[in-house]
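The structure appears below as structure tokens.
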Amino acid sequence: MKTNPVVEHIPRLRRYARALIRDQHAVEDLVQDTLERALNKIHLWRPGSDMRAWLFSVMHNVFLNQLRGPKFEAGPDPDSLPDPKGNAEHFDRIELAELDEAMHCLAPEQREVLILVAVEEMSYVEAARTLGIPPGTVMSRLSRAREKLQQLTGYEPQSDRAGQRPSGPAPASGRRAGRNRAGRV
């Protein structure tokens, strides 16, 4: 029995949905609505094109439609997180919770672009096609998202005072930090 090609992308759709909204029930609803629309409109997908990018475009459109409706819940209050117990795993969870909190302080447009480029490793052009916007807009939103995250988290990339790029070895992927597959910052 042949598996529907949409099925293999469900984990990535869930991850993308979690990045867009916090409420787990709303995440599941967004994924389900996306899958329903994608399956009903599968005839619009061009064979040979990137199914993942097409599904993300469908999710983006469903998400925008849902934004026009009732608002999503804000998620847990960071002050309600348990106090640190002293082990590294716990601190990692706190850092992830803080990053999640900061991500959800970004404008949805910035958060979408950041997730597509940084997490899903799409090029600027792929992200632009997915969101239906020009590549320059992707770069601008990504830049503003990175700046806002730096402000919110207090993280300062290692660089000299003159604003030079960080020096040192490239990440294990062979790319410098902050660059996409096309080598653009």
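Please state which of the following conditions Gly69 fails to meet, knowing it meets all the rest: (1) in contact with a Gly (Cβ under 8 Å, 6 or more places away or on another chain); (2) assigned to a loop (DSSP other than H, G, I, E, B).
Only one criterion is unmet by Gly69, namely (1).
Scan region 62-70 and give yes if some residue there is closer than 28 Å to Thr153 by Cβ and at pLDDT below 80, otherwise no.
Yes: one or more hits.
Only residues that are out of contact with any Phe, Trp or Tyr (no Cβ under 8 Å at 6 or more places or on another chain) and open to solvent by less than 80 Å² (accessible area, probe 1.4 Å): list them for region 18-33, please. Give the steps one after another, and end with the answer.
Of the residues in region 18-33, the ones out of contact with any Phe, Trp or Tyr (no Cβ under 8 Å at 6 or more places or on another chain) are 18-19, 24-25, 27-29, 31-33.
Residues satisfying the conditions are Ala19, Val27, Glu28, Val31, Asp33.
Can you tell me which residue is nearest to Val58 (Cα to Cα) among those in region 127-157 that are open to solvent by less than 60 Å² (accessible area, probe 1.4 Å) and outside any helix (DSSP H, G or I)?
My answer is Ile133.
Step by step: first the residues of region 1-49, then only those that are outside any helix (DSSP H, G or I) and closer than 18 Å to Asn61 by Cβ, then the one that is modelled with the highest pLDDT. Which residue is that?
So in region 1-49, the residues outside any helix (DSSP H, G or I) come out as 1-6, 21-23, 41, 45-49.
Those left that are additionally closer than 18 Å to Asn61 by Cβ: 6, 21, 41, 45-46, 49.
Details: Val6: 80, Ile21: 83, Lys41: 88, Trp45: 82, Arg46: 84, Ser49: 83.
Checking each candidate, the answer is Lys41.
The values are calculated or read from the model by the stated rules, or taken from the named source; none is laboratory data. A quick note: this is a predicted structure, and the numbers were derived from the prediction, not measured. Every residue, glycine as well, gets a Cβ built from its backbone with ideal geometry; the counts of neighbours run over all protein chains shown. Each accessible area value is taken on the protein alone, full model and side chains, heavy atoms only, with ligands, DNA and RNA left out. Shrake-Rupley method; radii C 1.70, N 1.55, O 1.52, S 1.80 Å.
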